[in-house]
Structure formats: structure tokens, C-alpha cells
1. Would you point out which residue out of V336, V316, V392, V368 is open to solvent by 40 Å² or more (accessible area, probe 1.4 Å) and in contact with a helix residue (DSSP H, G or I) (Cβ under 7 Å, 6 or more places away or on another chain)?
2. Could you list all residues from segment 145-178 that are assigned to a helix (DSSP H, G or I), open to solvent by less than 30 Å² (accessible area, probe 1.4 Å) and of a type in the set (A, V, I, L, M)?
3. Within segment 339-365, track down each residue that is assigned to a strand (DSSP E or B), without any contact (Cβ under 8 Å) to a residue 60 or more places away in the chain and in contact with a helix residue (DSSP H, G or I) (Cβ under 8 Å, 6 or more places away or on another chain).
4. Are any of the residues in segment 196-213 touching a strand residue (DSSP E or B) at 6+ places or on another chain (Cβ under 6 Å), within 26 Å of A124 (Cβ to Cβ), touching a residue at least 60 places away in the same chain (Cβ under 8 Å) and within 14 Å of the ligand (Cβ to nearest atom)?
5. Is there a residue in segment 89-102 that is modelled with pLDDT of 95 or more, assigned by TED's automatic domain parsing to the domain that holds S187 and under 22 Å from the mean Cα position of the chain (by Cα)?
6. Please name all residue pairs, on different chains or six or more residues apart, with Cβ atoms under 6 Å, provided the first residue is in segment 278-290 and is closer than 21 Å to C189 by Cβ and the second residue is of a type in the set (S, T, N, Q).
7. Just for segment 324-333: of the residues that are part of a loop (DSSP other than H, G, I, E, B) and farther than 11 Å from I311 by Cα, which one is least open to solvent (accessible area, probe 1.4 Å)?
8. Condition first: open to solvent by 70 Å² or more (accessible area, probe 1.4 Å) and over 16 Å from C159 (Cβ atoms). Now tell me which residues in segment 113-144 satisfy that.
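The values are calculated or read from the model by the stated rules, or taken from the named source; none is laboratory data. Being a predicted model, the structure only gives us computed values, none of them experimental. Cβ sites come from the backbone with ideal geometry, for glycine too, and all protein chains shown count toward neighbours. Just so you know, the surface numbers come from the protein's heavy atoms only, side chains and all, with ligands and any DNA or RNA stripped out. Shrake-Rupley method; radii C 1.70, N 1.55, O 1.52, S 1.80 Å.
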Amino acid sequence: MFAKIKYAWLSGPLMLAAGFLLMTCPSFALDNGLAKTPPMGWNSWNKFGCNVSEDLIRQAADALVSSGMKDAGYQYVVIDDCWQVSRDKEGNIVPDAQRFPSGLDKLADYIHSKGLKFGIYSDAGTGTCQNRPGSRGYEFQDARQYAAWGVDYLKYDWCNHSTQNSEASYSLMRDALAKSGRPIVFSLCEWGSTKPWLWAKDVGNLWRTTGDIVPKWSTNEKNDGLGVVEILDLQDGLQTYAGPGHWNDPDMLEVGNPGMSPTEYRSHFIMWCILSAPLMAGNDIMHMSNETRDILTNKEMIAVDQDPLGIQGHRVRKDGEQEIWSKQLSDGSRAVALLNRGASEQNMTANWTDIGYPASLSAQVRDVWNHKDLGNKTGSFSASVPSHGVVVIKVKP
Ligand code: GLA
């Protein structure tokens, strides 16, 4: 009787509305305050695949520091697939004891002692892409374990998901991470298959937009994976969905992995910076050439990627093999990339009208890659661009 009177006001339409809200509102929106600029770091997968161990990860942490990459902004050291082997009787995830004999908490301590952050990998389905145990049904237990180890970043894959709904599955792990009490960057890896840019802003800090990258400029065969230009084409139109705390992820870098020319590595890096992409190096940073290191640590280029306004660049003009891409920066300037996809060197022009400035405007032009002022130009800028090359400038009114 008492209960009836007390809750009588909740009857009818109000009750329906409350029920609807409970059903449709996620229990937490993503509000972890992380990744205000695109995350930067190193990930084991592109170069080492399943060949991961605590020695490798420690060496990678050391190399991030000694190469100058840490000073350039690289922060997260991420172990991708294959660190996990099974679950124990209580359902706790068990790391490979042969490859990680000291335990992941000790590894996290080591990485933290270098002033870096620790990332790990799991999968929203029952198994990872290499058929290690996934987190399906263990989301809260796994998140609690990661937090106890000192994990700062989770890449969460989408293999073996059967009939699971992607938004629900990723939201569940988001909620589990929030409950863990530790700030953990949440990286969604469902390969763009259910258009995460439409729903993941309140779920993750970054989301993959495509299938896996391979270290090639371009691929022709369907089963070859995606080269740099195939991935670039798939980013066109996604720019409006990115911003501070929530980024499109065109996949990890292949700079320095055999398969591309020095010009192509440079173009790959420049275009990822124009896209405000997460910069996760994927090469052997312990044994890289000076040329590779110089590409990965080009500070003026990285500043374009990390610009605090967080506006993703996009293609503003395409004339056959010649493309102009532009990214608005917080000081009122534009970073502009003149990309030549053709097989021979070409003369290219970026018009101010392409990048949202009047033709009559006189603006300062700076060569971003080579850190050189090129003087004032009115209306346009022209340069000779090598095959598969990019000339990248900053245009400041
Ligand atoms: C998927 C992901 C890759 C990598 C592998 C690991 O293919 O897209 O980035 O994590 O799984 O198995």
C-alpha cells in the first residue's frame, strides 16, 4: 500500500519515459579526459607480430628514450596480440610466463620509470585475432586486472565477435575501464566495419577506420591489405567526426618497415600528420636508420599532427594524380600538403582559394618539413613534387 502511494507518480507515461531512458542511455559517456591530442607511441604488431616478450618491450621503451622519440612526443609503449595464453580457474587472464617471466606489473613499472606509459591489447569477442583469449564475458574482470598492473592504454580488437553488436560490446568495455578507477586510453579496432565514427565519440578515444595497413605505397590485389594511398582515400569525408579526445585512426605507421622508398615513408608520415592521426610507430625502433628516425621525429611536422585545435585535415582538390590537402591550425594558419601520386615528378600549385583564403591574400609560406621560411606569396604556391612525394607548407595570413 505504502509503496503504491509513494511511487504512484511514476505510473503511466512517466514510467515509460524513465524505462526508455534507462534502456537507451549508456551507463557512462566517455569522459576520461584523455587523448586531447592524437596519441603517440609505439606498438609491437606491424614489425614483430606474435614475437613479443618482456625483453622486446623493455628494449622498445629504452629505444623510445635514446632515439629522441620520447622527447618528440611518443609516449605509449603498446604490446599488441599474443601476450596472453589462457585464463586461470577464477577466470583471470594469464600472460605468457615464458615470454613475460617478471609479470606485466613489473614491466609496467619499468615503462613508467622511463617516463612512458604502458599499453596492452585485447578483443571484444571470445578470442583475439591470433586466437588468444578475448574479453567477452570478462570485461570488468579484465579491466580491473589491467588497472592493477598499471595499464594506461587498451587497444580492443574485433575478431571472433560472432553476432555481437559492436556499439554495445565496445560500450561495455568503456564502462568496465571507467569502473577500474584508472585513466586508460580506449582504442577501438573494429576496422571501420560498422562505421564507428558515427557512434564511437562517446565510447572510445580513437577508432580504426579501415582494415590493416601493409608497408606498401599502393596495393592492387584485394588480399594484399591496404597500402598508404588506399587508406588515404578511405579517410576522405571522415574529418568532421574527429576532435580532441576522439580521433579517426587510419592505422599504425609503417615508416621504416621494408616495402617503401624513403620518399614514400616521408609522404606516409606527412599525410598521417595532416589527418591528425594517432602516431603509433610500428617499426624496429631499436635498429632503425637515421633517416627513419629523422622522419619519425620531425618536430614541426609532429606539431601539425598535435595542433591543439584538433581539426583533421582533408582533401580540398584532386586533379588526377595531383592532390591538395589542407589542415586548419590553431594560430589561424593552414598546413597544406601537395601530394603527387603519379609516377613522375610534377609541377603542382596550391591556390589560396583551395584552402579557404581569398586569392588577393599575401601570406607567409614556410616549408614545414625542412623548417625554412619561403617568404610571402599572394594567391598561390607552386613547387616541383617528386613521384609519390609531398611538399608540405604552412600558409599564415
Ligand atoms: C588485427 C588488428 C591488427 C593487429 C592484429 C593482431 O588484425 O587490426 O592491428 O592488432 O589483429 O592479431
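1. V316
2. A147, M173, A176, L177
3. A363, the sole residue that qualifies.
4. Yes, that holds for at least one residue.
5. Within segment 89-102 (the criterion being modelled with pLDDT of 95 or more, assigned by TED's automatic domain parsing to the domain that holds S187 and under 22 Å from the mean Cα position of the chain (by Cα)), the answer is no, since none of the residues qualifies.
6. Sorted first by the residue in segment 278-290, then by its partner, the pairs are M280/N43; G282/N43; G282/N46; N283/N257.
7. Filtering segment 324-333 for residues that are part of a loop (DSSP other than H, G, I, E, B) and farther than 11 Å from I311 by Cα, the one least open to solvent (accessible area, probe 1.4 Å) comes out as S333.
8. S113, K117, F140, R144
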